[in-house]
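Asks: The structure follows.
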4 protein chains.
Amino acid sequence: MFNTFGRFLKVTTWGESHGPAIGCVLDGLPSNMPVDLAAVQKELDRRKPGQSAVTTTRNESDTVELLSGVFNGKTTGHPISMLIKNKDADSSKYEALKDVPRPGHADYTYKMKYGVVDYRGGGRSSARETAAKVAAGAIAKQLLSRYQIKVTAFSREIGGVRTEGQFDPAIHGVEELIESNPVRSFDADAARKMEDAINEARKNGDSVGGIVEVWATGVPAGLGEPVYAKISADLAWALMSIPAAKGVEIGAGFASAFMKGGEMNDAIIKDKSGKITTKPNNAGGILGGITDGMPIILRAAFKPTASIHKKQKTINLKTGKETELTVEGRHDPCVVPRAVPVVEAAVALVLADHALISGFIPRKLPE
Amino acid sequence: MFNTFGRFLKVTTWGESHGPAIGCVLDGLPSNMPVDLAAVQKELDRRKPGQSAVTTTRNESDTVELLSGVFNGKTTGHPISMLIKNKDADSSKYEALKDVPRPGHADYTYKMKYGVVDYRGGGRSSARETAAKVAAGAIAKQLLSRYQIKVTAFSREIGGVRTEGQFDPAIHGVEELIESNPVRSFDADAARKMEDAINEARKNGDSVGGIVEVWATGVPAGLGEPVYAKISADLAWALMSIPAAKGVEIGAGFASAFMKGGEMNDAIIKDKSGKITTKPNNAGGILGGITDGMPIILRAAFKPTASIHKKQKTINLKTGKETELTVEGRHDPCVVPRAVPVVEAAVALVLADHALISGFIPRKLPE
Amino acid sequence: MFNTFGRFLKVTTWGESHGPAIGCVLDGLPSNMPVDLAAVQKELDRRKPGQSAVTTTRNESDTVELLSGVFNGKTTGHPISMLIKNKDADSSKYEALKDVPRPGHADYTYKMKYGVVDYRGGGRSSARETAAKVAAGAIAKQLLSRYQIKVTAFSREIGGVRTEGQFDPAIHGVEELIESNPVRSFDADAARKMEDAINEARKNGDSVGGIVEVWATGVPAGLGEPVYAKISADLAWALMSIPAAKGVEIGAGFASAFMKGGEMNDAIIKDKSGKITTKPNNAGGILGGITDGMPIILRAAFKPTASIHKKQKTINLKTGKETELTVEGRHDPCVVPRAVPVVEAAVALVLADHALISGFIPRKLPE
Amino acid sequence: MFNTFGRFLKVTTWGESHGPAIGCVLDGLPSNMPVDLAAVQKELDRRKPGQSAVTTTRNESDTVELLSGVFNGKTTGHPISMLIKNKDADSSKYEALKDVPRPGHADYTYKMKYGVVDYRGGGRSSARETAAKVAAGAIAKQLLSRYQIKVTAFSREIGGVRTEGQFDPAIHGVEELIESNPVRSFDADAARKMEDAINEARKNGDSVGGIVEVWATGVPAGLGEPVYAKISADLAWALMSIPAAKGVEIGAGFASAFMKGGEMNDAIIKDKSGKITTKPNNAGGILGGITDGMPIILRAAFKPTASIHKKQKTINLKTGKETELTVEGRHDPCVVPRAVPVVEAAVALVLADHALISGFIPRKLPE
């Protein structure tokens, strides 16, 4: 109930930031699907810390080990267990936080809820958990790609710098373009400004937030289950489950609240090839909780990193006294660039789940 | 899997817009809880059509019948079944829509998914389903109120008119104030402008969207289950499951993407009574997916009603030819005022669910 | 969690023995399936009380009302809600039981668990709930029959009278034979003896138990999901959920505990048509939790009816004093004949569920 | 859905017989519970192969590694991940079985279902999976023991040798007595005969089955949820999920089918201390799916080991031709002695699950 998600394709994650390892169990995959472990590692490399100046300096190789569910390179239909060892955990800075909750973090709520808290590196509340999700999502991506479904995310906004213009997933090499800059923008100019905004904040001991946008293309019409397994709701849930997410929207999203019906409604028309399509896709590919065959478009808002090197007011829960805290340790000054592959993983898992539920992807892949 | 939601306290809804009835089964309530059926009816009356000039003219009394789960006025711990008869369904306008999907509606996606579609009044995709949710939510509200938890929603924005100023749930009579105007705003001036915006759109055969804001007060710290049953994600899911919802945010929400960590982080301090509190509650009452004891604040964006009396491009799925459609029938020119009690119901159900999961509310209420 | 079962095809039941009605919601059916409501009624008629001298005299027509999920005679893929009114409830005999739990009944355990108990006719613990299951199961049977899967149950043993000989589902008219006697035996001689045993017990104010055997034929190989959704375990669960069930076995069952491997193992051979088959099917059609294409064979043991007209020792929970009780009211002297259609319903629901999970039955039936 | 069980306390297992490792994730435990890893190892030692002449000679230390969820020796409320490396897998004997399904095994059904089968040592269908369940169950046992609930199983029958007499859990040292003989009987005479029966079968290249009986004492009244989460049904499900189980019964079980109501019904009386009790507990501690405070008594029938050194008829699935097979490799001539700790684990997990659901065990243990 608590650390498992998915309706048919289920992901269970486990592990703490400074424990011996983290990992996941991915259950419900069809049998007979080739698994490319190097491609899983590549996704983990996109998320891992220490990639650039705009990320934390914690140095983890995040090497994935595959422990079950694959035989002769193909899925058997049984659970895939993957494990990632924690190698560069430094718990020395956290002893001071034992009784002093960091503002903006889960320290206080975990303490209230559980009593016992593994405070080292945030324990279970650490975004390190998302590595396990990325590993599972990488396999979901491989499954989807066999059915021409592709999931691509990028930073739409960071530190007040917004990339204007519609994303075009059809542009050749657009993924490489996004990966070519440390902030993961498809616009090189915006990328530089975003990087500047992050570095500026870091120098001031502060942090910035941003918005990740994600597109899923090649999605057939008919995925999603009304009324309480809408793919829109499941996607929103998955994005809001990512640490630091504070908002999510689909298609025109919050802007639709300011539109008229005549503006918002997408016309149902035929494209040049005669295929039914909608225009301009304000719906973001989903109507009534079911995909309409157009690209799915979502945006998630991430708050600025809670760990900042500034004095903040808090309370010592042991003494009950007000105090001030400056958070030490290694932190990302902005979570958005590393959240990009996490968003992709979350979306890929939900899409694969619904593709299996709807029967679009069968339980046994053809040989 | 499809028409049931909740983890512990489960709601199953059923019924179509023009079928004989709609209803719900609410399962997982504690035993020994007094049930006030008149209060359930009152919530249904808030949602029912035909209340004012800004809603549809379909005339439904939405009288609720209680069929099980209550004995001598108290819950037995067994499922509560409630039924609402459809009395004023007029299917005459829908025969023309049999093969012609309305833009912005689920007609096309349902047809693609199911083949068989009950096209009368939108069938299962109709927002009429939300009456069943409101009935279930009304009982969840009664349960929560026994534990001093209160859920209050209102229209934050309609048709471009935004109510400024923070909502204050402590103001005496604020619920009555909200109910005193047809748009459900806590600001009488804004209410008039919102009403004008709706009427203006209706005259033009068009519709407007808006934003509902909801507050839950009295929520204890410790509700929510990381990492895949976060109360933030569950709340976002519940709001995105409401028809026409296109976005949801918590606390500072999308604005947090433009903030610095030093602005966003809430200080952890003591209030005058010595109780631990946070300020200014940018977190919206949730940190790490767990409540922190502050008011929960959410906003949901609703698109303008898809049914408009304007010519729109669509395709006749039988002939495969492009055509134009003007939607007939009775419709709300803005769904937001009637969405307010639906949002409250959705939030109340999620909170009651998590209050039971966490053990904050016991399985058997004290006598 | 509590009143819903099924993994993909979900049944939720509600209602008490002496409440206004009972009913169910069946969710997850494929769309485009013709629904024969008369056939549902026929199954309810098999289960309803007052059919013969060996059943209770409570007189219920058990007329089913269909409230949703079917349009133009076919499923829409949305939940089917069915309702059965209680018409002949006589609560007069139950006031005396308010504080005095009947031995062998759930009165004591419900009181301990819930505090509030609807003691009229057993309330929610009454086997009247199985009418709702039979209605849902009748629709599952219709779905299965489209795929040549048939479920047939009969009384293997009643009151110490055991029908010897293997059941042969291929005999023409075997279902009619079973229905032709009030105890539902496929052996007319045994039937008479079983009837005598029941009548003998009734005359003495006592009751008898028995064993129901059920066969599912036409089941393809490959249904069931190891290791925690084995179809064997799910079937055992479903049978043990029927009131008064105290044991369940598959194939050779308990006898296998006394066998050698060389006796127990079924040979894998080809039948005359060249189809792979096993012999003699000691496995009961299931190996490793997955169907092997042979008939599924299960047996469920039912205890004698707990309501007997004999003095029994119990305790008045209000006074805390020991007392004696003779149960009044109308009761079946043996539940087994009426349990036969309930067992069929339970098995049909599990098979339909797994047929959908495995993809053997699609989400949208061909037109 | 497939490799996870439990409603609130969830166990997910993964791994194949000859893969690098097997393991489990146990999620939903209360926080603040001391975890004794040595006691987990002790349970694994009871189940591990190579313990005596009556078990397989595969030599596994089954050393458990704890990877998450425990901090300073106590549960944090987050998932516990445990891993057991496979060290003595010998796949050499299995290449011959690639296309030739062994009678009585899951080889054929897995092949039909998945296409891809890890045939080495039975792959995922191997009873090796139960080691992961025993690890999880060992922790459930520790939780239950804090609430005076104890689960004890033993061999009631093996190879036709039945231990007569009622088990008495109150006898001092009865667990040690059970553990003192290789077949796990509480009767030393019966134990010798059982051992003889196993050795006799092994000499003949054959195998024997048996019956495990399990008692849970100290269980409070009120665990279990009608009507579709009955603890009786959940326990039956858990036992039927164990490899080789073909039947399960509660209390008087199948014998109740031959009893009269007057014999079967337990009298509700007071014991010497004034506590409400039932006699003679034919119900096996469960009425209406809810515990009544008496010992829970269950029996599970296990078929003889399917792997035997005798010629058996089967079919080469590649050539489609009938053939004969003699199973090589190391196998238990009787699974029952090693099934005893597995049965205990399964029962402990279900009881802990329901104790949490009912609120009898809180989400946060007192410090």
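The values are calculated or read from the model by the stated rules, or taken from the named source; none is laboratory data. All values derive from a computational prediction rather than experimental measurement. Ideal geometry is used to build each Cβ from the backbone, glycine not excepted, and the neighbour counts take in all protein chains shown. Areas reflect the complete protein model, heavy atoms only, side chains present, ligands, DNA and RNA absent. Shrake-Rupley method; radii C 1.70, N 1.55, O 1.52, S 1.80 Å.
Asks: So, taking all protein chains as they sit and a 1.4 Å probe, how much accessible area belongs to residue C:164, in Å² rounded to tens?
Replies: Its heavy atoms expose roughly 120 Å² to the probe.
Asks: Specify the angular offset, from 0 to 90 degrees and rounded to the nearest 10, of the alpha carbon long axis of helix C:37-47 from the longest principal axis of the alpha carbons in chain C.
Replies: Long axis of C:37-47 versus the principal axis of chain C: about 60 degrees.
Asks: Put +1 on the Cβ of every Lys and Arg and -1 on every Asp and Glu Cβ in the stretch C:26-122; which of C:33, C:55, C:76 then has its Cα farthest towards the positive end of the dipole?
Replies: Towards the positive end, the residue furthest out is C:55.
Asks: Counting only protein heavy atoms, what percent of the accessible surface of the stretch A:1-140 is carbon or sulfur at a 1.4 Å probe?
Replies: 51 percent
Asks: Once the other residues with Cβ under 10 Å from the Cβ of residue C:160 are scored (Lys, Arg +1; Asp, Glu -1), what is the net sum?
Replies: Net of charged neighbours comes to +2.
Asks: From the label point of residue A:179, set 7 Å from Cα along Cα→Cβ, how far away are the matching label points in the other copies, in nm, ordered shortest to longest?
Replies: Distances between equivalent label points, in nm: 5.4, 5.8, 6.5.
Asks: ³J(HN,Hα) across the stretch B:153-163 via Karplus (A = 6.51, B = -1.76, C = 1.60, θ = phi - 60°), whole Hz, x for Gly/Pro?
Replies: 10, 7, 7, 7, 8, 9, x, x, 8, 9, 7
Asks: Then there is this: Sort the stretch A:50-150 into rounded, prolate or oblate with this rule: let a ≥ b ≥ c be the square roots of the eigenvalues of the Cα gyration tensor; rounded if a/c is under 1.5, and if a/c is not under 1.5, prolate when a/b is larger than b/c, oblate otherwise.
Replies: Verdict is prolate for the stretch A:50-150.
Asks: Past 20 Å, Cα to Cα, is the threshold; run A:246/B:270; C:246/C:310; A:364/C:230 against it and keep the listed order.
Replies: A:246/B:270; C:246/C:310
Asks: Can you give me the C-alpha center-to-center distance between the stretch B:138-214 and the stretch D:238-291, rounded to a whole angstrom?
Replies: 57 Å
Asks: Counting Lys +1, Arg +1, Asp -1, Glu -1, what net charge surrounds residue B:10 among other residues with beta carbon under 10 Å of its beta carbon?
Replies: With Lys, Arg at +1 and Asp, Glu at -1, the neighbours total -1.
Asks: Give, to the nearest whole percent, the P(r) tail of the protein assembly as shown beyond 63 angstrom, counting all Cα pairs.
Replies: 10 percent
Asks: Of all the accessible heavy-atom surface of the stretch D:225-363, with the other protein chains kept in place and a 1.4 Å probe, what percent is carbon and sulfur?
Replies: 52 percent
Asks: By its C-alpha gyration tensor, with a ≥ b ≥ c as the square roots of the eigenvalues, how is the stretch D:78-227 shaped: rounded for a/c under 1.5, else prolate for a/b larger than b/c, else oblate?
Replies: oblate
Asks: Further question on the same structure: Got a sec? What order do A:105, C:354, B:172 fall in by accessible area at 1.4 Å, biggest, i.e. largest, first?
Replies: The residues order as B:172, A:105, C:354, largest area first.
Asks: Round to the nearest 10 and give me the degree value, 0 to 90, for the angle of helix D:231-240's Cα axis relative to the longest principal axis of chain D.
Replies: Its long axis makes an angle of about 20 degrees.
Asks: Could I ask something else about it? Check which residues have an amide H placed less than 5 Å from residue A:153's amide H, if you skip close sequence neighbours.
Replies: A:215
Asks: Between copies, how far does the label point of residue A:322 sit from its twins, in nm, shortest first, when each point is 7 Å from Cα along Cα→Cβ?
Replies: 6.6, 6.7, 8.9
Asks: For residue D:7, what accessible surface area do you get with a 1.4 Å probe? Give it in Å², rounded to 10.
Replies: Near enough 50 Å² of accessible area.
Asks: Something else: List for the stretch A:64-86: residues with 30 Å² or greater reduction in accessible area, all protein chains versus chain alone, probe 1.4 Å?
Replies: A:67, A:68, A:71, A:76, A:78, A:79
Asks: How far apart are the residue D:73 label points across copies, placing each 7 Å from Cα toward Cβ, in nm, shortest first?
Replies: Copy-to-copy label distances for residue D:73: 5.1, 5.3, 7.3 nm.
Asks: Here is a follow-up. Counting only heavy atoms of protein chains, what accessible area per residue, in Å², does the protein assembly as shown have with a probe of 1.4 Å?
Replies: Result: 32 Å² of accessible area for each residue.
Asks: Using each residue's phi in the stretch B:312-323, evaluate 6.51 cos²θ - 1.76 cosθ + 1.60 at θ = phi - 60° and report the 3J(HN,Hα) Karplus result to the nearest Hz, with x for Gly and Pro.
Replies: Karplus values, whole Hz, x for Gly and Pro: 9, 7, 8, 10, 7, 5, 7, 8, x, 9, 5, 8.
Asks: Considering only chain A, pick the residue with its Cβ nearest the axis of the rotation onto chain D, and state the distance in whole Å.
Replies: Per the A/D rotation axis, the closest residue of A reads A:12, 2.
Asks: Which order do B:266, C:99 take when ranked by solvent-accessible area (1.4 Å probe, heavy atoms of all protein chains), largest first?
Replies: C:99, B:266
Asks: Solvent-accessible area of residue B:180, probe 1.4 Å, all protein chains present, reported in Å² to the nearest ten, please.
Replies: Accessible surface of residue B:180 is approximately 80 Å².
Asks: Would you check the stretch D:1-103 for Lys pairs whose C-alpha atoms are within less than 20 Å, ignoring same-chain pairs closer than 8 in sequence, and give me the count?
Replies: Count of close lysine pairs: 6.
Asks: Ranked from the most accessible area to the least, with a 1.4 Å probe and all protein chains present, what is the order of A:207, A:61?
Replies: Sorted by accessible area, descending: A:61, A:207.
Asks: Sort largest first and round to whole Å: the equivalent ellipsoid semi-axes of the stretch D:4-358, each the square root of five times a Cα gyration tensor eigenvalue.
Replies: 34, 25, 19
Asks: While we're on this one: Compute the long axis of helix D:188-203 from its Cα atoms, compare it with the longest principal axis of the Cα atoms of chain D, and write down the angle in degrees, 0 to 90, nearest 10.
Replies: 20 degrees
Asks: Right, another one. For the stretch A:4-358, calculate the relative contact order in percent as a whole number, restricting contacts to Cα pairs under 8 Å that are 6 or more residues apart.
Replies: About 22 percent, as a whole number.
Asks: Could the peptides D:8-21, C:313-326 be put in order, highest first, of the mean number of other beta-carbon atoms found within 10 Å of their residues?
Replies: Packing proxy ranking, top to bottom: D:8-21, C:313-326.
Asks: Sticking with this structure for a sec: Please give the total accessible area that chains A and D bury against each other, computed with a 1.4 Å probe and expressed in Å² to the nearest 100.
Replies: Its buried surface, counting both partners, is about 3700 Å².
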